[in-house]
Structure formats: structure tokens, C-alpha cells
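Novice: Before anything else, here's the structure in question.
The values are calculated or read from the model by the stated rules, or taken from the named source; none is laboratory data. Because the structure is a prediction, the values reported are computed rather than measured. Here Cβ is always computed from backbone atoms with ideal geometry, including for glycine, and neighbour counts include all displayed protein chains.
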């Protein structure tokens with residue numbers, strides 16, 4: 001443990017609060033949060049759950065499916081921007097100007113005006129996220145939660161389980177993939193965009209974690225509405241950060257700590273995941289997503305020895321009510337469910353017959369890079385629709401995506417010390433390994449601040465964050481007198497949501513209505529300092545209690561944190 005230099009206080013205190021903007025400005029924090037979750041005892045306890053009883057005997061894909069269902073059952077996606085209170089653009093920009101210019105910040109974050117490309121303007125992304133209700137320069141804190149804070153949402157009214165936003169869920173997934181599923185960290189790539197965070201996992205052809213769910217390669221190309229939503233970030237946003245245990249690449253900073261060869265490995269792996277050959281099933285999936293082209297097609301069938309035809313758009317409409325699909329071997333069952341009066345006794349003019357097209361594709365998958373085969377396919381897709389000239393281009397776009405990755409080619413390579421954690425390690429071995437490289441790896445050092453372990457960190461960053469970035473308890477108690485404030489704290493449960501010598505921030509204590517005596521004392525200090533800025537506050541911490549001295553009062557609260565600290569003036 002060391003005293004954090006004043007120049008680094010902003011970064012180290014940001015490891016405690018972990019807002020969306022803080023992670024963008026200080027990318028090391030993203031992996032610090034993942035490591036904090038890996039060191040936490042919470043996810044290690046999952047392995048004792050009967051749900052994972054035979055997981056060691058499962059193949060990687062089945063393990064991940066098992067994990068996915070556990071996360072779906074135990075965590076909600078939370079996008080309540082009021083959870084962690086309000087700040088303003090000027091305050092946040094002032095914090096970050098020494099590290100990143102205002103123009104770059106504004107172009108990269110929804111809280112500062114970013115709305116993405118035309119797709120997001122059409123979607124009205126600020127209204128989608130609820131940002132339009134904040135007037136002027138007032139903005140919400142968009143904070144990320146540790147696994148403990150995610151679990152603690154179950155204490156809040158209106159929540160039946162734990163909860164978290166996209167960064168919380170992505171780092172939770174990454175930690176659990178390592179701890180529960182035994183996926184090596186070098187095969188788990190964290191990806192952040194201005195509006196989203198997700199992971200690419202290099203197993204079984206690759207998959208993405210997307211909030212609570214996973215998207216396999218087959219799912220990526222299935223053309224469903226759910227998949228279309230899962231694709232938004234990679235299709236429409238700059239990828240700002242890519243990282244794994246070997247380092248990171250950031251779209252803004254001129255240095256990259258990930259080796260170029262490792263970044264190329266990532267791009268090749270995800271490139272294979274994001275590309276597929278064109279088969280009849282893929283074409284049918286394409287039409288499912290791009291419904292305007294369905295009127296180019298019809299489906300014919302034999303019914304009691306006679307031919308019948310139906311518009312493809314009518315057949316696709318019936319997909320919504322059952323498991324059968326237009327593009328696979330369940331099509332006949334789908335057609336059997338359609339009322340007879342939906343069919344025609346003659347072909348529909350100007351439309352392509354899909355079963356005939358299926359013959360063209362038999363044993364003949366087409367690569368989008370094969371110009372001759374694509375031209376031949378273009379002839380097969382001729383129809384009378386006004387959209388026919390767009391179709392082939394859109395199809396090529398559907399089967400291949402090249403995301404806007406950070407450009408590593410013009411960056412200075414500054415490799416960091418690789419975080420050598422391997423599946424099969426015990427939790428204690430993991431913690432010892434991370435602790436052993438704190439001086440050589442920034443994320444490893446910051447991980448103990450994200451972990452909130454004050455027995456292994458300088459207290460200054462934690463207290464700075466507590467007194468500067470916890471507005472919820474201040475706002476919630478503004479109508480209470482000083483005496484009522486003391487009385488209210490006495491009614492709060494005395495159990496911490498964090499184990500051992502780890503501490504909750506004041507707004508976590510307030511939101512979850514529970515906290516150790518030391519955590520309550522820091523909450524009270526935050527509110528008091530806001531009300532009476534000139535007052536001196538003294539905090540005296542003993543292993544079993546904390547004494548808080550302020551305004552001529554002395555308050556002693558019991559503590560189970562086992563911490564000791566010299567008298568501190570706040």
C-alpha cells in the first residue's frame with residue numbers, strides 16, 4: 001500500500017465511484033472493476049450453488065448457457081439514472097480537462113451531448129435513456145456497480161433481485177466466466193462504446209455477452225428483433241476501449257498497453273464471428289430482419305396434389321406465434337399452420353419463388369467477396385419490387401460487419417505487466433497474484449480501490465469520492481434538521497453490504513438502507529460537510545468502533561470492519 005500522489009487522486013478516487021465517464025477517461029478502471037469482482041467472495045460462492053453442481057463436466061458452451069440462465073434469474077438490467085443522483089456538466093468537465101479535452105468528451109458520451117450516428121438520432125437515444133428530462137447542464141451520475149452493490153439492489157423497493165447497468169453486467173459476466181466456467185482471461189475481451197459495454201468471448205466460434213444475455217454466432221445472423229438490438233453498438237458506434245488481461249487499446253490515447261499482435265488476434269477472432277457465408281437460411285434470416293424485401297418473394301407448396309402460393313410477408317408473420325421458421329426444415333410445418341384462404345392458386349407476379357432459390361443454394365454457399373457468385377445471386381434476386389437494387393448490397397452488409405475499432409497502427413506500444421490468472425487458482429491465489437503486480441500494472445493497483453478494501457489502500461481516494469460524488473443522501477435528507485439527521489441514521493440497519501474491511505460509499509448506504517457504523521459515520525460526514533462547509537470533522541477509527549467529532553458533538557458507532565486509522569480531519 002502507498003499514499004496516492006495528488007496528481008493521481010482523481011483517477012484513484014474514480015476507481016471508487018466508477019462512473020461511465022470516469023471509465024472512458026481512465027480506461028484502466030474497467031479492468032480494475034473486473035479484478036475487484038474476481039477478488040470478491042460473492043461470485044466464488046456461486047460455485048457452491050446446486051445450479052452449478054456438475055458444471056465441471058460440461059463443455060464450454062453448456063457452461064456458459066448455465067451461467068447465462070443464472071444471471072438472468074438473479075439480476076435485472078437497471079437503467080434508472082436517478083439511482084446515484086445528479087451532477088452537472090461543468091463540474092465533471094473541470095475534473096477531466098487535465099486528462100482529456102472537452103470536445104473529445106462531448107463527442108463520446110451521451111451525458112455531454114453524444115447521440116451516435118444517424119441510427120441513434122432516428123432512435124432518439126436521449127429520450128430512450130431518459131436523458132431529455134434533465135434540463136440545462138444537469139446530468140445524472142451514470143455509475144457502475146460492484147457485484148456487492150448489484151446484489152444489494154434486492155433490498156430496494158421495486159426490485160425482486162439484484163440489478164446493474166451494462167458495464168456492471170459485462171464485468172460481472174467476465175468475472176463469472178473466469179471463476180465459474182473456467183474461461184481463460186486472455187479469451188475474454190471487454191469492449192466499451194459510448195453507449196454500451198459488452199464482452200467478446202473467444203470460445204466455440206465466439207459469442208458476445210449483451211447485458212444479461214449472450215449472442216452466439218448463429219444468433220448474430222438469425223435476423224430477429226432481439227438480435228438487431230444487440231447489434232446496435234457494434235454496427236453504429238465507435239469502439240472506444242478493447243482490453244483483456246494483456247492490456248488495452250483506447251480510441252483517444254496515443255499509447256496502447258495491449259501488444260499489436262494480441263490486438264490482431266482479437267480482431268481476427270471477432271472478425272470470424274461477425275462474418276458468414278450466404279446460404280438459403282442466411283438469406284431467409286436476412287429477410288426476417290429486412291422485412292421491406294419480403295414482398296420480392298413468395299413460397300409455393302403442394303397441397304392435395306395442387307400447387308399453392310403465398311406471399312413471403314404472410315409466412316413471416318406466422319413465425320411470431322410459434323417455433324417454425326421460413327428458412328429451415330420446419331417451413332412445411334409453418335405453412336400447415338396458415339389458413340388455406342391465405343394461399344393463391346396461381347403464382348404471384350414479379351415475385352421470386354423461395355423453394356426454387358433454395359435449390360440454387362444447395363451445397364453452394366456464397367462468399368460476399370466472390371464477385372462472380374454474388375453477380376449470379378444478384379440475377380436470382382431480380383424482382384419487380386422498387387427495392388430490388390438495394391437488396392444485394394444490404395445482404396452483403398448483413399453477412400459481414402467491420403466495427404469501428406480503435407486504430408492501433410498509430411499508437412505507441414507500452415505493454416503492461418500481463419495479469420497471469422489461470423482457471424483452477426483458488427481465490428487466495430488470485431488475490432496474491434494481483435497484489436504481487438500492483439507496482440507493475442495500473443489496473444491491478446486500482447482493483448483494490450474498486451474492491452473498496454481500506455486495509456490495502458490509501459484512505460484519501462475513498463474519502464474524496466465519498467465527500468464529492470454522493471449527492472443522493474444529501475438530497476434525501478435536505479429537509480431534516482441536524483438532530484433528525486442523527487436520529488435517521490440510527491434507524492438504518494447496521495450490516496454492511498461489503499465483507500471484511502471493505503466499505504460502502506454513502507449513497508450505497510442510503511440507497512440500500514444498511515451500513516456498518518464506519519460507513520454511517522462517513523455518510524453523516526458527507527451530509528454535514530455539504531450543510532456546514534466550514535465545520536471541522538474528525539474521524540477516529542478503531543477496529544470495533546468509530547468516533548465522529550463535529551460541531552461540538554461526539555458520536556460513537558460500533559464497527560465490525562476491523563480497521564484502524566489515525567485521527568482524520570475531513
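Novice: With surrounded by fewer than 19 Cβ atoms within 10 Å (Cβ to Cβ) and under 15 Å from the mean Cα position of the chain (by Cα) as the only criterion, which of 265, 232 stands out?
Specialist: On the way: 265 fails: under 15 Å from the mean Cα position of the chain (by Cα).
Of 265, 232, the one residue that is surrounded by fewer than 19 Cβ atoms within 10 Å (Cβ to Cβ) and under 15 Å from the mean Cα position of the chain (by Cα) is 232.
Per-residue answers, yes or no, for (1) in contact (Cβ under 8 Å) with a residue 40 or more places away in the chain; (2) in the same structural domain as residue 141 (by TED's automatic domain parsing); (3) in contact with a strand residue (DSSP E or B) (Cβ under 9 Å, 6 or more places away or on another chain); (4) surrounded by fewer than 16 Cβ atoms within 10 Å (Cβ to Cβ):
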position	(1), (2), (3), (4)
484	no, no, no, yes
509	no, no, no, no
523	yes, no, no, no
543	no, no, no, yes
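Novice: If a residue has to be within 40 Å of the chain's Cα centre (by Cα) and either surrounded by fewer than 16 Cβ atoms within 10 Å (Cβ to Cβ) or without any contact (Cβ under 8 Å) to a residue 24 or more places away in the chain (or both) to count, how many in the stretch 376-395 make the cut?
Specialist: Result for the stretch 376-395: 8.
Novice: Let me ask something additional. From 239, 270, 278, 214, grab the single residue that is touching a residue at least 60 places away in the same chain (Cβ under 8 Å), closer than 30 Å to residue 299 by Cβ, crowded, with 18+ Cβ neighbours inside 10 Å and in contact with a strand residue (DSSP E or B) (Cβ under 6 Å, 6 or more places away or on another chain).
Specialist: Answer to the check: 278.
Novice: Could you check the stretch 152-167 and list, in sequence order, the residues that are surrounded by 24 or more Cβ atoms within 10 Å (Cβ to Cβ) and either in a loop (DSSP other than H, G, I, E, B) or free of Cβ contacts under 8 Å to residues at least 40 places away in the same chain (or both)?
Specialist: Result: no residue meets the conditions.
Novice: Taking residue 352 as the residue in question, decide whether it is in contact with a helix residue (DSSP H, G or I) (Cβ under 9 Å, 6 or more places away or on another chain), in contact (Cβ under 8 Å) with a residue 12 or more places away in the chain and over 25 Å from residue 388 (Cβ atoms).
Specialist: When the stated conditions are applied, residue 352 does not pass them.
Novice: Against the condition under 17 Å from residue 460 (Cα atoms) and either assigned to a helix (DSSP H, G or I) or modelled with pLDDT of 95 or more (or both), how does residue 16 come out, does it pass?
Specialist: When the stated conditions are applied, residue 16 passes them.
Here is a yes/no grid of residues against (1) part of a loop (DSSP other than H, G, I, E, B); (2) exposed (fewer than 15 other Cβ atoms within 10 Å of the Cβ):
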residue	(1), (2)
64	no, no
67	no, no
76	no, no
80	yes, yes
87	no, no
90	no, yes
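Novice: Take residue 120 and tell me if it is part of a helix (DSSP H, G or I), modelled with pLDDT under 90, in the same structural domain as residue 180 (by TED's automatic domain parsing) and more than 18 Å from residue 22 (Cβ to Cβ). Even if it seems obvious, please write down each step before you answer.
Specialist: On the way: part of a helix (DSSP H, G or I): yes; modelled with pLDDT under 90: yes; in the same structural domain as residue 180 (by TED's automatic domain parsing): yes; more than 18 Å from residue 22 (Cβ to Cβ): yes.
Yes; evaluated as a whole, the condition is true for this residue.
Novice: While we're looking at this one, here's another question. Against the definition (out of contact with any helix residue (DSSP H, G or I) (no Cβ under 6 Å at 6 or more places or on another chain) and not in a helix (DSSP H, G or I)), how does residue 258 come out, yes or no?
Specialist: yes
Novice: Turning to a different aspect of this structure: Which of the residues belonging to the stretch 451-462 are surrounded by fewer than 22 Cβ atoms within 10 Å (Cβ to Cβ) and touching a helix residue (DSSP H, G or I) at 6+ places or on another chain (Cβ under 7 Å)?
Specialist: Result: 456, 460.
Novice: OK, next. Please specify each residue of the stretch 498-507 satisfying the condition of being in contact with a strand residue (DSSP E or B) (Cβ under 9 Å, 6 or more places away or on another chain) and assigned to a helix (DSSP H, G or I).
Specialist: Result: 507, single match.
Novice: Being under 31 Å from the mean Cα position of the chain (by Cα), part of a helix (DSSP H, G or I) and closer than 21 Å to residue 155 by Cα is the requirement here; does residue 490 meet it?
Specialist: Answer is no for this residue.
Novice: Suppose we filter 312, 317, 284 for residues that are under 24 Å from residue 231 (Cβ atoms), touching a strand residue (DSSP E or B) at 6+ places or on another chain (Cβ under 6 Å) and in the same structural domain as residue 394 (by TED's automatic domain parsing); which single one remains?
Specialist: Numbers: 317 fails: touching a strand residue (DSSP E or B) at 6+ places or on another chain (Cβ under 6 Å); 284 fails: touching a strand residue (DSSP E or B) at 6+ places or on another chain (Cβ under 6 Å).
So the residue among 312, 317, 284 that is under 24 Å from residue 231 (Cβ atoms), touching a strand residue (DSSP E or B) at 6+ places or on another chain (Cβ under 6 Å) and in the same structural domain as residue 394 (by TED's automatic domain parsing) is 312.
Novice: Right, another one. Please verify whether residue 564 is modelled with pLDDT of 95 or more and either farther than 19 Å from residue 493 by Cβ or in contact with a strand residue (DSSP E or B) (Cβ under 8 Å, 6 or more places away or on another chain) (or both), treating the condition exactly as stated. I'd like the intermediate steps shown before the answer.
Specialist: Values: modelled with pLDDT of 95 or more: no; either farther than 19 Å from residue 493 by Cβ or in contact with a strand residue (DSSP E or B) (Cβ under 8 Å, 6 or more places away or on another chain) (or both): yes.
Spelling it out, it is not the case that residue 564 is modelled with pLDDT of 95 or more and either farther than 19 Å from residue 493 by Cβ or in contact with a strand residue (DSSP E or B) (Cβ under 8 Å, 6 or more places away or on another chain) (or both).
Novice: Could you please let me know if residue 207 is under 20 Å from the mean Cα position of the chain (by Cα), at pLDDT below 95 and either surrounded by 20 or more Cβ atoms within 10 Å (Cβ to Cβ) or under 26 Å from residue 64 (Cα atoms) (or both)?
Specialist: No: the conditions fail for residue 207.
Novice: Which of the residues spanning the stretch 75-89 are at pLDDT below 90 and under 17 Å from residue 138 (Cβ atoms)?
Specialist: 80, 81, 82, 86, 87, 88, 89
Novice: Also, I was wondering about something else. Across the stretch 513-539, what is the number of residues that are assigned to a strand (DSSP E or B) and modelled with pLDDT of 95 or more?
Specialist: Number of matching residues: 1.
Novice: Quick check on residue 237: is it under 17 Å from the mean Cα position of the chain (by Cα) and under 29 Å from residue 24 (Cα atoms)?
Specialist: yes
Novice: Provide a single number: the residues in the stretch 349-372 that are surrounded by 10 or more Cβ atoms within 10 Å (Cβ to Cβ) and within 21 Å of residue 325 (Cβ to Cβ).
Specialist: Matching residues across the stretch 349-372 total 14.
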